[in-house]
Amino acid sequence: MNQNSYLSSFRAWFTAPMLLSFLVFGTMPLWIDAVGLYQYLGLEVMIWVIFALAVNLLLGYTGLPSFGHGAFLGIGAYAFGLTQFNVAANLWLSLFGAVAVTAILGGLVALLISHRRGIYFALMTIACAQIFYFIASKWTDVTGGEDGLLNIARLPVDLGLTEISIRSNFSLYYLCFAAYVIIVVGLWRLVHSPFGKVISAIKQNDSRVAFLGYNVWLYKWLIFTLSCAITGLAGALFAMAQEGAYINIMSLQWSGIAILIVLIGGGFISFWGPVLGVIFYFLARDILGAYTETWLLWFGLIFVGMVMFKPEGLAGMWRDGRTLLGRKPAPQPEPSVTEPSAAGGD
Amino acid sequence: MADFLLTLLPHLLNGIALGLLFALLSLGFMLIIGVMEVINLAHGSLFALGAYFAVMLMSQDGGITHPFMAPYFDLPIVLRYIVALIVAPAFVAVVGMGLEVCLRRTYGKDPLYGLLLTFGAALVLEEMIREIWGPAEYFLPIPKAISGGFFFGDMIYSNYRIFAAVFAMAMIGLLWAFLNRTPYGAVIKAGAHDSEMVRVLGYNLSRLRLYVFAFGAALAAIAGIIMAPIWGVRPHVGVDAVIPAFVVIVLGGVGSFWGAVSAGLLVGMVVALTAAYLTEWSLLSMYLLLLVVVTFRSRGFAGKASALEA
C-alpha cells in the first residue's frame, strides 16, 4: 500500500470536523475553568452530545421524530443503577446492563411502531414514553419512585492490569469522552455505509425503498433499537454523573428538549448539528440562566424563530456563512439530507 | 348489582362531563388540522391560557389589583362569570392568531415543521404562564348556582358536573349548527376538504386560516374554563389536555364531527372510570388507549386520509 491509500482510508474514518471536535472536547477539562465555566458542565455536554446524536440518527437521518427518547435515557440510568446494586459492582457489566436493557425495551417499542412514520410515529413514541414514565414513577420498590434511585457509584474503570478511579468529574469526563469518540466514529461509518444510504432513502420516500426490495420495517426497527441502545449508554453515564437516577429526565418535556436541541443545532442537514445544538443549549442555560429565571422561555422563542426562519439550524447558518465568504460550501455528507423530505410519496 | 350500578352513576356522570369537554377541545383541534394541516401541539397551552385568563377575570388573585378595576370585581359573580366566558376565549383567540401568523412559514413544507413549531410555542406559553402567574395552583371561583351538590339515592352528585355536561353539549350543538347551517361553516368545511380549491374560488385563504385558528383556539379556551374547577389551574395542565385531544381525534377519525364527539365520550368514560377505581393509574389509561388505538385503528371510527399520515 502506498502513502495515498493509507491517507484515503484514514479520511474515510476521520474527517477534519471530527478531529476538531476530538481536539476541543479532548482538551475541554483543561481550559473550561479558565473561561469561567465548570467541570460538571463539560460532563453534561459530553453526555447530552451522545444522547443528541442518538436522537438525530432517528430524526435527521431516518426522518423518524421520536418525542419520547427521554424515557430511554431514564431507563439506561435506572438499569445502570440496578445492575450495579443487584448483579455486580463492575463498571463494564453495569454499562452492558444499561445498554442491553434499553436496547431490549427499545426493540419492543420498535416492534409496535416500526410500520409508522411522521405524526403517528411521534404519537406512538409519546404514548410509549409516558407509559414508561408512569411505570417508573409508580414502581417504587425498584425505581425509588419520585425520590429516584440514590447513591449510584462512579465505579472504577477496570483495565485488567490497573484500575482508574473516576470519582472526580475530571476523570469521569474522560470516560465519557472515550465513549463519544467510539460512538462518533461508529455513527459516521454507519451513516456513510450502504446501510446508512438505505435509511436516508427511507427518510425521503419509504414506499419507493420498499419497491426496491428493502425491508423498510426491519431497517426502521434496527435503527430505533440502535438509537435506544446509544441513549441507554448516555443514560448510564448520566446516572454516574448525577450519582443517582431520577424520574424527571423521563418526562415528555425532556424528550421534547432533546428534539429542540437537535433541530437548533441543524440535525436535518449535518452530522454535527446535534453537537452544536447541545453546546448552544448548555451555554444558553448557563448564560441566559444567570440573568433570568425564565431562560427556557427565551430558549423556546429562539427555537420558534429557528423553525420559522432557519430550519437548517446552526449548521445551516455556518454553511451560509461559508458561502457568503466566497469559500466553497462544506462538502455535504449526503445531497439527500439537505432537503427535508417531501411529504409522503404514495 | 343494583347497588353497584348506583355507585357507578356519579362516575358515569363525571365521564360524560369529561367526555363532552374533551370533545369540545378536540373539535377545535380538528378544525385546525382540517384547514391548516397542522398538528397544534400548543392546543393544550391555549386551553390552559383560557383557564388563567378566566381566573384573572373572576378574582383579584388572578393578578389585576389595580384600583381602577375594583368596581368590576364588586359586580355579582354570575355577571363576572359570563364576562369571563366571553372575554377569556376572545383573548386566547388573539393569541391563536399570533401563532397562526408564525405558522404561515411552515405551510407546504414537511408537516414535521408545524409540529415542531407548535411544540416550541407550547413550551413558550407554558413558561410564560409560569412567569406571569407562578407555579402555584389557582382555583376558579364559580357562581353558587352551579356549585355544591345534591343527593340522589345514597350518592352525592356534583351540580357543577351537570352544568359542565349541559354547557358542553350546548356548545357542541351550536358548533354543529354553525358548521352545517351557515355559509361560514360551509367555507370552513370546504377549506378542510381542499383549501387550494377554496382559494381558486375567490376566498381569501390566509384570512380563512387566521379565523379558523382563532376559532379553534377559542374553543380550547372555553373547554379550559369549564374544566378549570374540575382539574384545577396549573401551568402543566396544558400537557394533560393535549393528550386526550390527540386520543379523541385519532379514535374518532380526522374530519368526522360525530366521530370526535363519540370518541370524546368514550375517552372521558375510560378516564373517569379508571380514576374512580384505580386512581393511581388514571392517566396511564389514556396513553394505553392511544397506543391501542393507533396500533389497531389509526384512521379511527370514521376517519379519512389526512395530514396526520404524512
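Filter segment B:235-280 down to the residues that are over 30 Å from residue B:135 (Cβ atoms), among the hydroxyl-bearing types (Ser, Thr, Tyr) and assigned to a helix (DSSP H, G or I) and list them by number.
Within segment B:235-280, B:262, B:277 qualify.
Which numbered condition in (1) crowded, with 19+ Cβ neighbours inside 10 Å; (2) modelled with pLDDT under 80 is the only one that residue B:251 fails?
(2)
Conditions first: (1) surrounded by fewer than 21 Cβ atoms within 10 Å (Cβ to Cβ); (2) under 21 Å from the mean Cα position of the chain (by Cα); (3) within 14 Å of chain A (Cβ to nearest Cβ). Residue B:139 passes all but one, so which condition is the exception?
Tallying (1) surrounded by fewer than 21 Cβ atoms within 10 Å (Cβ to Cβ); (2) under 21 Å from the mean Cα position of the chain (by Cα); (3) within 14 Å of chain A (Cβ to nearest Cβ), residue B:139 fails exactly one: (3).
Give the residues of segment A:280-328 that are surrounded by 17 or more Cβ atoms within 10 Å (Cβ to Cβ), of a type in the set (A, V, I, L, M, F, W, C), within 11 Å of chain B (Cβ to nearest Cβ) and within 18 Å of residue A:270 (Cα to Cα), sorted by residue number.
Scanning segment A:280-328 gives A:303, A:306, A:307.
Quick one: in segment B:121-135, which of the residues that are hydrophobic (A, V, I, L, M, F, W, C) and free of Cβ contacts under 8 Å to residues at least 60 places away in the same chain is farthest from the other protein chains (Cβ to nearest Cβ)?
This residue is B:128.
Do any helices (runs of 4 or more DSSP H) lying entirely in segment A:69-185 carry at least 3 residues that are of a type in the set (Val, Ile, Thr), and which ones are they?
In segment A:69-185, the matching helices (runs of 4 or more DSSP H) lie at A:91-113, A:118-138, A:140-143.
Could you list, ordered by first residue, the pairs with Cβ atoms under 7 Å in which the first is in segment A:16-31 and over 16 Å from residue A:278 (Cβ atoms) and the second is assigned to a helix (DSSP H, G or I) and of a type in the set (Ser, Thr, Tyr), at least 6 apart or interchain?
A:29/A:173
Could you list, in sequence order, all residues of segment B:107-120 that are more than 7 Å from every other protein chain (Cβ to nearest Cβ) and under 14 Å from residue A:119 (Cβ atoms)?
Selection gives B:114, B:118.
Okay, residues lined up against (1) aliphatic (A, V, I, L, M); (2) under 27 Å from residue A:188 (Cα atoms); (3) touching a His at 6+ places or on another chain (Cβ under 6 Å):
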{"site": "A:274", "(1), (2), (3)": "no, yes, no"}
{"site": "A:278", "(1), (2), (3)": "yes, yes, no"}
{"site": "A:282", "(1), (2), (3)": "no, yes, no"}
{"site": "A:291", "(1), (2), (3)": "no, no, no"}
{"site": "A:298", "(1), (2), (3)": "no, no, no"}
{"site": "A:301", "(1), (2), (3)": "yes, no, no"}
{"site": "A:307", "(1), (2), (3)": "yes, yes, no"}
{"site": "A:313", "(1), (2), (3)": "no, yes, no"}
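Report, by residue number, each residue of segment B:126-149 that is part of a loop (DSSP other than H, G, I, E, B) and not polar (S, T, N, Q).
B:134, B:135, B:136, B:137, B:139, B:140, B:141, B:142, B:143, B:148
Given the conditions (1) away from chain A (no Cβ under 12 Å); (2) farther than 30 Å from residue B:80 by Cβ, which single one is not true for residue B:221?
So the condition that residue B:221 fails would be (2).
Just to confirm my filter: which helices (runs of 4 or more DSSP H) fall fully inside segment B:30-118 and include at least 2 residues that are closer than 30 Å to residue A:310 by Cβ and without any contact (Cβ under 8 Å) to a residue 40 or more places away in the chain?
B:77-103
Okay, residues lined up against (1) more than 10 Å from chain B (Cβ to nearest Cβ); (2) more than 17 Å from the chain's Cα centre (by Cα):
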| site | (1), (2) |
| --- | --- |
| A:92 | yes, yes |
| A:95 | yes, no |
| A:102 | yes, no |
| A:110 | yes, yes |
| A:115 | no, yes |
| A:128 | no, yes |
| A:131 | no, yes |
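The values are calculated or read from the model by the stated rules, or taken from the named source; none is laboratory data. All of these numbers come straight from a predicted model, not from anything done at the bench. Positions of Cβ are generated from backbone atoms using ideal geometry, with glycine treated the same way; all protein chains shown enter the neighbour counts.
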